[in-house]
Amino acid sequence: MIKYAIPEISLKSRPCWCGFPTGKVLYRTDRWNQRLQTIVCGRCGTIRLDPRMDRTQAAHYYSTQYPERQRDPAEFFREQADQNAPQYLARFIRPDMDILDYGCGPGGKLAGLASRGFRISGFDLNPLYLEFAESRGLRRVAQGRQFDLIYLSHTLEHWTDLAEDLQNILQSFVRPGGTVAIEVPLLDRLLLGGRRDGIHGDLYFVHIWYFSVRSLDKLMNSLGCRRVHTDRLTLCVYTFEGIPEGRTVAATPLYDAGLRTLIAVCSNPIAAVGAGLINRVIRYIDLSAAARLNPKP
Ligand SMILES: [Zn+2]
């Protein structure tokens with residue numbers, strides 16, 4: 001059954017967040033075999049939908065057609081709370097911090113901290129969810145407020161104008177030296193059995209970007225962030241040092257070639273089972289090991 005039908009929107013091919021226009025085609029369908037093209041960027045190695053929505057199309061789609069917009073906030077809240085985010089974020093959080101959950105939905109991920117007296121603010125484009133989050137102790141974001149930690153959980157992969165919007169958000173909301181905690185479906189996990197059918201099993205119309213730890217590092221480094229932690233499944237944590245003058249993207253050709261090989265191997269069901277078994281023994285393969293062999297530009 002098709003859970004997310006592709007809407008009838010006229011889409012254009014648009015460059016990667018790194019500015020590079022083209023890439024190599026990986027898949028031509030989504031997980032329900034609807035026509036949807038996914039490519040891997042020829043410069044930074046990020047996987048993206050091409051073509052994809054623009055900002056205006058996305059705003060209209062999310063507010064009118066996106067099936068998730070009508071979910072019962074209370075049920076969604078319980079699902080979020082069950083993820084136990086306060087537990088795995090504990091080492092990055094102190095009681096004296098101002099924390100922002102950007103794209104908080106009904107607020108379930110950090111509401112447990114708010115009820116223990118932590119200062120948690122929330123923002124969401126869906127007014128119904130934001131109202132629910134406020135009823136559970138999250139504060140509304142005040143104009144001009146800067147935070148010690150911003151939490152972006154399963155939201156970046158949906159953004160049509162990723163680098164521009166993320167730069168604005170970091171500049172507006174995070175004080176230099178602050179922490180940026182990001183959760184996305186990392187390739188390291190998808191390739192190695194995190195989902196049936198690897199990356200293809202996760203593809204759908206609103207998931208625009210797929211990152212490995214390394215390609216997410218490239219995006220974040222270009223915006224003045226330095227990684228301090230990753231679990232190689234979904235979580236990467238960065239320190240924000242301030243937006244640099246010009247945006248540069250590091251080239252890692254050896255790493256990118258290794259990643260493309262791994263994607264090709266994991267597209268073959270038998271090889272993917274083999275790779276998964278090996279990985280079970282050696283734990284999540286450290287894809288960034290290849291990047292370390294590559295001299296810094
Ligand atoms: Zn790119």
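The single condition from (1) over 18 Å from residue 138 (Cβ atoms); (2) in contact with a Pro (Cβ under 6 Å, 6 or more places away or on another chain) that residue 66 fails is (2).
Consider the range 24-40 and keep the residues that are part of a strand (DSSP E or B) and either among the hydrophobic types (A, V, I, L, M, F, W, C) or within 13 Å of the ligand (Cβ to nearest atom) (or both). The one that is farthest from residue 255 (Cα to Cα) is 36. With respect to the stated conditions, residue 242 is at pLDDT 90 or above, over 20 Å from the mean Cα position of the chain (by Cα) and of a type outside the set (Asp, Glu). Quick check, is residue 219 open to solvent by 60 Å² or more (accessible area, probe 1.4 Å) and at pLDDT 70 or above? Taking the combined requirement at face value, the residue does not satisfy it. Scan the range 1-23 for residues that are more than 16 Å from residue 252 (Cβ to Cβ) and either touching a residue at least 60 places away in the same chain (Cβ under 8 Å) or within 16 Å of the ligand (Cβ to nearest atom) (or both) and the total you get is 10. Would you call residue 55 within 16 Å of the ligand (Cβ to nearest atom), among the charged types (D, E, K, R) and within 30 Å of residue 249 (Cβ to Cβ)? In short, no.
Of all residues in the range 240-267, which are open to solvent by less than 30 Å² (accessible area, probe 1.4 Å) and either of a type in the set (S, T, N, Q) or without any contact (Cβ under 8 Å) to a residue 60 or more places away in the chain (or both)? Within the range 240-267, 252 is the sole residue that qualifies.
Residue-by-condition table, conditions (1) part of a loop (DSSP other than H, G, I, E, B); (2) surrounded by fewer than 23 Cβ atoms within 10 Å (Cβ to Cβ):
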{"residue": "108", "(1), (2)": "yes, no"}
{"residue": "114", "(1), (2)": "no, yes"}
{"residue": "117", "(1), (2)": "yes, yes"}
{"residue": "130", "(1), (2)": "no, yes"}
{"residue": "137", "(1), (2)": "yes, yes"}
{"residue": "145", "(1), (2)": "yes, yes"}
{"residue": "152", "(1), (2)": "no, yes"}
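Filtering the range 107-130 to residues that are over 30 Å from residue 60 (Cβ atoms), of a type outside the set (A, V, I, L, M) and within 23 Å of the chain's Cα centre (by Cα) leaves only 112. Of all residues in the range 151-171, one or more are in contact with a Leu (Cβ under 7 Å, 6 or more places away or on another chain), over 25 Å from residue 68 (Cα atoms) and at pLDDT 95 or above.
Annotation note: of 43, 48, the sole residue that is part of a loop (DSSP other than H, G, I, E, B), touching a residue at least 60 places away in the same chain (Cβ under 8 Å) and within 16 Å of the ligand (Cβ to nearest atom) is 43. What are the residues in the range 60-97 that are under 19 Å from the mean Cα position of the chain (by Cα) and free of Cβ contacts under 8 Å to residues at least 24 places away in the same chain, if any? If the condition is that a residue be under 19 Å from the mean Cα position of the chain (by Cα) and free of Cβ contacts under 8 Å to residues at least 24 places away in the same chain, then 68, 84 are the ones that fit. Taken across the range 176-189, residues that are open to solvent by 60 Å² or more (accessible area, probe 1.4 Å), closer than 30 Å to residue 265 by Cβ, in contact (Cβ under 8 Å) with a residue 24 or more places away in the chain and charged (D, E, K, R) do occur, with at least one present. Of the residues making up the range 58-67, none is over 30 Å from residue 177 (Cα atoms), outside any strand (DSSP E or B), within 16 Å of the ligand (Cβ to nearest atom) and in contact with a Ser or Thr (Cβ under 9 Å, 6 or more places away or on another chain).
Scanning the range 111-127 for residues that are more than 18 Å from residue 142 (Cα to Cα) and touching a helix residue (DSSP H, G or I) at 6+ places or on another chain (Cβ under 6 Å) yields a total of 2.
The values are calculated or read from the model by the stated rules, or taken from the named source; none is laboratory data. Just so it is clear, the model here is predicted, and its values are computed rather than measured. Here Cβ is always computed from backbone atoms with ideal geometry, including for glycine, and neighbour counts include all displayed protein chains. Side chains are part of the model used for accessible areas, which takes the heavy atoms of the whole protein and leaves out ligands, DNA and RNA. Shrake-Rupley method; radii C 1.70, N 1.55, O 1.52, S 1.80 Å.
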